[in-house]
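Notes for the one structure printed next.
Derivation of every value follows stated rules applied to the coordinates shown; laboratory data play no part. What you are looking at is a predicted structure, and each value in this text was computed from that prediction instead of being measured. Every residue, glycine as well, gets a Cβ built from its backbone with ideal geometry; the counts of neighbours run over all protein chains shown.
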């Protein structure tokens, strides 16, 4: 890389840090971090990305690369501190009126609780694919896994979730939950 | 033939995740036409996927909205030097100046007006009415409550503050949904002149309408009617703050 390329890449990473910031925070929250931990994790990820920008092999995969940095930070975080919170602690999206949508909120609370009962590997894949809409290849790159591993862990995670949420799934054959920005299934 | 024997979970997941090539996708679509079991399985998987997406953490949980880029080393040194000088000057000020009553300077005109209106009264009494769960607005009210609670020490004057929540504001005191649990616990433990009160009528309405028993943050008291409590306090001459 020339000096000019270096500067360009570093500037692009700095710009990406600004734009990807909410996403990194949200992913960390979905991995079970508290809001403070998510903030720390996103911050640490951006700083490492700026420090190690020369290690970026594929500039087009910058986002996956940053999530992979965050994944490594998160693993270290879990190893060092063992402080994780449940997704139950995160605020639920939607109107704040306590007297509205209580049934829907109750379903979402159960879903979050079930997600927090998955193991870390399954939870990370499930949240990147289902919450962030990442492809299997992007997820594999972000978590430094093979696509086949992503698929098998995703299948195990979803099956576990299906077992945990059996009453919810069976009582909602015609779901009317307000999913807001549900991604259209291709 | 059972779909469990022919189609793996991985393949069906890839179908609903849009990861299959057209040939594989066509194969599943063809099988779907005559296989109700497969249709049910896919519907359930799609619903599960939608549920996970709906459980995505809300952006309002993100505390800092922007990444902080490190300043260069030179500015680090300058900042450190500035802090050192400021600390020395502050220490010198307290050494040289006689100890006087700490001035109350708040950038909150409502609070200042309340404090001024109590200048000749032995006690400051304020009722804070929480009627909304707007996170920012509630934070402002909690800040105001804390400012008032501190006056107890600063002015040597008795201060009593009641925070009364009803309607949408009840969420602030709910154990299961409040975004302010930690702050309220801290305030409650730190200041004994703050009283947190929830409206029982709102709690009963939630129970009746949604069959949901509301549990409050420990230490939050309840009263029959939040509105009546606020009205009573105002009649008794308490100052009033709300969102």
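Structure notes:
- Mean per-residue shielding of peptide A:149-161 is 4, counting Cβ atoms of other chains within 10 Å of each Cβ.
- Scaling against 2.2 N^0.38 Å puts the C-alpha radius of gyration of region B:106-243 at 1.03.
- Length, then width, then depth: along the principal axes, the Cα atoms of region B:125-179 run 36, 17, 17 Å.
- Neighbouring partner chain Cβ atoms per residue of A:129-141, average, 10 Å criterion: 3
- A Förster distance of 41 Å, applied to the separation of the beta-carbon atoms of residue A:72 and residue B:33, puts the FRET efficiency at 0.35.
- Per-residue Cβ neighbour rank within 10 angstrom, fewest leading, A:108, B:111: B:111, A:108
- Inter-chain Cβ neighbour count for B:39-51, averaged per residue, equals 6 (cutoff 10 Å, partner chain atoms only).
- Footprinting exposure proxy ranking of A:73, A:46, fewest other C-beta atoms within 10 angstrom first, gives A:73, A:46.
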